[in-house]
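Nothing in this text is a laboratory measurement; each read-out follows from the coordinates by a stated rule. Since this is a predicted model, take the numbers as computed values, not measurements. Methodologically, a virtual Cβ is constructed for each residue, glycine included, from the backbone with ideal geometry; neighbour enumeration extends over all protein chains shown.
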Amino acid sequence: MTELKIYVACLAAYDNGILHGKWIDASSDVSEMEEEINQMLKESPSEDAEEWAIHDYEGFTSLSEYSSLATVSEHVGMVEIAEDANIPYEVVSEFSSSFELSELQDRYSGGWADLSDWAYELAIDTGMIDNKDSPLISYVDWDRVASDWSMDYFTIEHDGTTYLFYNH
């Protein structure tokens, strides 16, 4: 699994020109992360150290400076799901903005560099084509078939691959 970490900085120290913070394992639960942050704040060289912010992260594509630990935990879940499904994290993250993550496995139909190949394979898998060697297959406009069929799918483009998720 990808190592997931956040660098949490003490804002009181930061405001006084002092870098004080700690790298925290983001895959730990929220209460463990809170404990580590509280300990870091107690050790701060600045008095009244109460506020913190995420100043860096590893293993994520995007977190904001003021993301909650619950949000960090959600992103950890997305990374784990992405790795289990062998789908890029960015795709899972975009999927989660339209659907519930629990639906990912049921909706996922694969990633394809060329949707015409997807349409051809789908036609074979569903029995629409029962003879792969038929000379008529070469007359089918698979790009057009893919365009029509993909209307029932939610698609996400990433690094030259189109990821398909069934809409219904």
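A few comments on the model shown:
- Counting only Cβ charges, +1 for Lys and Arg and -1 for Asp and Glu, the dipole size of region 5-86 around its Cα centre is about 200 debye.
- Residue-averaged 222 nm ellipticity for the chain, from DSSP H runs of 4+ at -39500 (n - 2.57), nearest 500: -11500 deg cm²/dmol
- Mean separation of Cα contacts under 8 Å (6+ apart) over length of the chain, as relative contact order %: 18
- For Ser147, Ser138, the sequence from fewest to most other C-beta atoms within 10 Å is Ser138, Ser147.
- Computed about its Cα centre, the charge dipole of the chain is approximately 320 debye, with only Lys, Arg, Asp and Glu carrying charge at their Cβ.
- Mean separation of Cα contacts under 8 Å (6+ apart) over length of region 5-86, as relative contact order %: 35
- Shape metrics for region 101-166, restricted to C-alpha atoms - Rg then Dmax, Å: 12.9, 42
- Footprinting exposure proxy for Leu41, Leu136, Leu63 (fewest neighbouring C-beta atoms within 10 Å first): Leu136, Leu63, Leu41
- Neighbourhood charge, 14 Å Cβ-Cβ cut-off, centred on Ala53 and excluding it, Lys, Arg +1 and Asp, Glu -1: -4
- Positive end of the dipole of the chain (Cβ unit charges, origin at the Cα centre): among Ala26, Ala53, Thr162, the Cα lying farthest that way belongs to Thr162.
- Volume of the convex hull of the chain (Cα atoms only), normalised per residue: 125 Å³.
- Listed peptides 115-123, 23-31, 64-72 by packing density, highest first (mean Cβ within 10 Å): 115-123, 23-31, 64-72
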